[in-house]
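None of the figures in this text is laboratory data; all of them are computed from the coordinates on show. Bear in mind that the values here come from a model prediction, so they are computed numbers and not experimental data. Neighbour counts run over all protein chains shown; Cβ positions are idealised from the backbone, glycine included.
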Amino acid sequence: MNLIYQKQQFLYTQIGPSNLATYTDKDSVKKLILKDKGVELSGGSRAQVSKSYTDYAMRKAVLLTQTKNAPASTRDVDYGFRIVAEFKNPGYIDNSEVWPHGKFYGGTYPNLSTFTDTQVVDIDNKIIDMIEADKGFNQDQTTPTGAIVRSRRAYTVVDTDNTDASGFTITWPDGTTTVFATGTTFADGQIGEQLMADATVAYGSTVGALLEAYQIAADTFVITSRNPGLKFTLGTAIDTTISTPGILIDSKFDDIKFRLEYDPYEWTAQGLNITKIAQSDFTAALNAHVSVDGAVTEVTAATDQDTQRDAISAITGVTALNDSTDGFTVASALTVKSMAINFPVENAAGADHLTATTASITYEATTEGKFSSLTSDDVHRIFAEADHAGFLRTAIRGVGNSLPDTEYTCYTITGVSKVGSIHGANHLDDSFVTIQLYIPTEATRGDKWDATDNATGNDVPSGGLDQNIDQLLANWKS
């Protein structure tokens, strides 16, 4: 065991036979070579290979609803809640100020003896205004000195009969109204889909695309604004039941989660798992992995938008809605603890590389949120080389370093290397050596090696290319 360099790390922007290869030596031992690094490792049963991918941050999303517990008599009532920041890198990178005691958003409401939805909306509006106005010391929000959360009005709406027209009246901030009702198509999910596709849902100069819906149960939807701060209300139910209005709080920045502190007598809180997917070509395979409480389902559906929507919704605990013609909103049932959607290189079995998807995640939140890992910034910090900058060297991205805004795959490889023995001339000992290869994920896609040549001792392909990097490493360690 090497006590000084227990692990060697190498960064590649491209990978292929010119820098990574395998061959079988005269003793039938499989060898892995990094041609440009002078590394050679013996494979076989004692070799190990594992890998990890870039894992993006997920926002935290909580729906807060007032309980409407009324005071015993007419008096002033305190209201509000506290947001406490949780940083992935506290005090580092952007020198963000840590607020260990959090920020309180609330105040005192005068002469309140009973709660009506009108008063709930008034209180919620005051909180929404406070959060949206909290820009901190830096008005352009390049550093998070202001609010670390966003606030949106949200309602839970239940379609009491999806076999006929259902809807509600939307009142906009200026007092104008829009009557929304489902059209000629009646079915589970239609309130959400038709609302997001309805061009008459207009306020001022903005037409359509103002509200979005997430389906959390059969005929049950969370309806909120697409952008924070829009103080709309829902009322005059058409074959629906409409909940007390609430505030959807979610993270404003990646890698800054929050802890919510509130009085349970005043508020109820419900975490949400919600995702938005943009899709540019519904005829191409979605090639998504949907994880529900750790169970992964591969979705390779294509053909059209409805086919992809139905394939996602076929997963237990998950429902997708067509978001106009651009993609989907996806939500889990409230009993699901975690939901995640990603587009990996490999299929669920780990056997074949998937074609790059034309879809992308534009928004993703869970009940607890999640810090990112193995991002391009993380990889950059590992390989930072600007030593002249002292302790600030990891804040400088040098030429030849990691590529910004790039997904990475890290292969951790352990093999056997022959080293000189200290107990006798011409003696060699086996030493287990671990290396890590950091490679842009897209560069790992596709067949670049010739399995036949690798098996017969050649390290440069001369025939057809039929092995990707995962198959190459699997063959080396077999």
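Going through the cross-link list K7/K252; K103/K370; K51/K276, which pairs have a Cα-Cα distance over 25 Å in this structure?
Working: K7/K252 37 Å; K103/K370 21 Å; K51/K276 27 Å.
K7/K252; K51/K276, as the Cα separations exceed 25 Å there.
Need one word for the chain: rounded, prolate or oblate. Basis is the Cα gyration tensor (sqrt eigenvalues a ≥ b ≥ c); a/c below 1.5 gives rounded, then a/b vs b/c decides. Verdict is prolate for the chain. Under the classification rounded if a/c is under 1.5, otherwise prolate if a/b is larger than b/c and oblate if not, where does segment 274-357 fall, given a ≥ b ≥ c as square roots of the Cα gyration tensor eigenvalues? The shape class here is oblate.
Taking a Cβ cut-off of under 9 Å around G463, the surrounding Lys, Arg, Asp and Glu residues balance to a net charge of -3, with basic ones at +1 and acidic ones at -1. Scanning residues 5 or more positions from L354 or on other chains, those with amide H under 5 Å from its amide H are E346, N347, with H placed 1.01 Å from N in the peptide plane.
Under the criterion of Cα pairs below 8 Å and six or more residues apart, the relative contact order for the chain equals 23 percent. Note on K26: lysines with a C-alpha under 23 Å away, same-chain residues under 8 apart excluded, are K35, K37, K418, K477.
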